[in-house]
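Quick note: the coordinates plus some simple rules give every number you see, no bench work behind them. Please read these numbers as outputs of a predicted model, since none were measured by experiment. In this analysis, Cβ positions are derived from the backbone assuming ideal geometry, glycine residues included, and neighbour counts consider all displayed protein chains.
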Amino acid sequence: MNEVATEKKGMSKGCLVGLIVLGVLIVVIAILSVVCYMNKDSIMKFGVNTMITEVKVQMANSPNPGMDTTTFNAIADEFSRKLETGEVDSQKLSAMAAVIQNIIEDKVVDSAEVIDFVNAMVAVYPELGDMVPEQEPMIEVDSSMTDTVMEDME
């Protein structure tokens, strides 16, 4: 009893199913890419707002005595409001996101980082500069005093 093996022509069912799944994945990825590209500004705004919230939480969890959290929160809230309602330059927003990312990485917000963050927000929306409190003027040094100190050093 010799049985003649019939040769199958074409692909196996497993290979066919794999190709169909691959085709569906490629279509889904293409659709997601188009949707993300069309909504890139909204996605970027959402990401920046999420990072702002994270910085505010970090400031609340580890307050520094030299920081005015009330003023910072007011500026950040106004920035978020402007971000949601207006157009923004994506390059400026990307630069600001990089500043925020550096702040978030170490999990501690110090006063220098707050200054950098506020400056980044003002760079995107210059009108926020009016909300930034004036810094204390530098102490002016009396020139006669420096002459005396210089003479003592010699």
- Could you pull out every one of the lysines with an alpha carbon less than 18 Å from that of Lys92, ignoring same-chain neighbours closer than 8 positions? Lys40, Lys45, Lys82
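With a 10 Å radius around each residue's Cβ, average the other Cβ atoms per peptide and rank 15-27, 37-49, 116-128, highest first. If you can, show how the numbers build up before the last one.
On the way: 15-27: 10.4, 37-49: 13.4, 116-128: 17.2.
Put in order of decreasing packing, that is 116-128, 37-49, 15-27.
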- Query: Rg and Dmax of region 40-131, using alpha carbons, in Å: what are they?
  - Reply: 12.2, 38
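Filter the GluC sites (Glu not before Pro) in region 1-97 down to the DSSP loop ones having no more than 12 other Cβ atoms within 10 Å, then list what survives.
Working: sites: Glu3, Glu7, Glu54, Glu78, Glu84, Glu87; in loops: Glu3, Glu7, Glu87.
Here the sparse-neighbourhood loop sites are Glu3, Glu7, Glu87.
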